[in-house]
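Quick notes on the structure that follows.
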Amino acid sequence: MSQLNSNTRRNKINPYNPIVMDEDELALRLTECRLNCAYNFPAMVLFSQDLKQELIDALISVMRNLASDSFCQVRKKIASGFYEVMKLMPKWQAALKVEFIRLLKDDIDIVLEGLVPNILKNKLMLTLCLIR
């Protein structure tokens, strides 16, 4: 779900959903889906603490996808919850360092508005800022 976008090629007519929508409506719905994935990602991490490593790797991959999403609001949502993810899973620090730095270097101010205020809430995030 975190990778759904208008470039995802699917059949326009879904036999389970007879509603046919135009490209703009489809793009809006897929963006909202990714936005909700980013918003709920910390909760997914909370429930994943006892998962096998390959499933944890899949969650880290989802985080990477959301942190590099083409829509800035999705990046802001994942940036806003980054401190919660680091608090819940400090062992992910090394794996998510690149995404953290990518979000810090984002050209869009609203993404930084989601990330920067929360840096001081989490010592691990502050450590990521200081380690090069």
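Bear in mind that the values in this text are calculations on the coordinates, not laboratory data. The model shown is predicted, which means the values in this text are computed figures rather than measured ones. Here the Cβ positions follow ideal geometry from the backbone for every residue, glycine too, while neighbour counts run over all protein chains shown.
Some notes on this structure:
- Two-site FRET efficiency, Ser70 against Asp50, from Cβ-Cβ distance with R₀ of 25 Å, rounded to 0.05: 0.15
- Shape of segment 21-118, Cα gyration tensor, a/c cut at 1.5: oblate
- Radius 12 Å from Cβ of Leu28, net charge of other residues (Lys, Arg +1; Asp, Glu -1): -3
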